[in-house]
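Peer 1: Before I ask anything, here is the structure I am working with.
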Amino acid sequence: MAKTTTSKVQTPTKKPVTRLAADATKSAAARSLTPAEQRQIEQLAYSFYEQRGFQHGHDREDWLRAEAIVRSRRS
């Protein structure tokens, strides 16, 4: 009787990336921001999320709103 073996293929685990973070790192506009501006946007976008009572589904809107505010301060 032949012995059968099964081998499990393990894929490397990757750190999950939030959609917000992925959008930020992929956009050309975000690359032109200083680290301090990036942090300000993160904090401001989170504050919008807090003000909405932690209601999900508005992350991109919050991010773009915060980014516009931070960029307007630059001028």
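Peer 1: Any idea what % of Cα-Cα pairs in segment 35-74 are farther than 13 Å?
Peer 2: Details: 345 of 780 pairs.
Here the tail beyond 13 Å accounts for 44 percent of pairs.
Peer 1: Please state the charge dipole magnitude for segment 35-74, taken about the Cα centre, from unit charges on C-beta atoms (+1 on K and R, -1 on D and E), reported in debye and rounded to the nearest 20.
Peer 2: Value, rounded to 20: 180 debye.
Peer 1: State, to one decimal in nm, how far the label point of R74 lies from the label point of F48, with both points 7 Å from Cα in the Cβ direction.
Peer 2: In this crude spin-label approximation the distance works out to 1.6 nm.
Taken together, the values in this text are just the output of simple stated rules run on the coordinates, not laboratory data. Here the structure is a predicted model, which is why all the values come from computation and not from measurement. Using ideal geometry, Cβ is built from the backbone for each residue, glycine included, and neighbour counts are taken over all protein chains shown.
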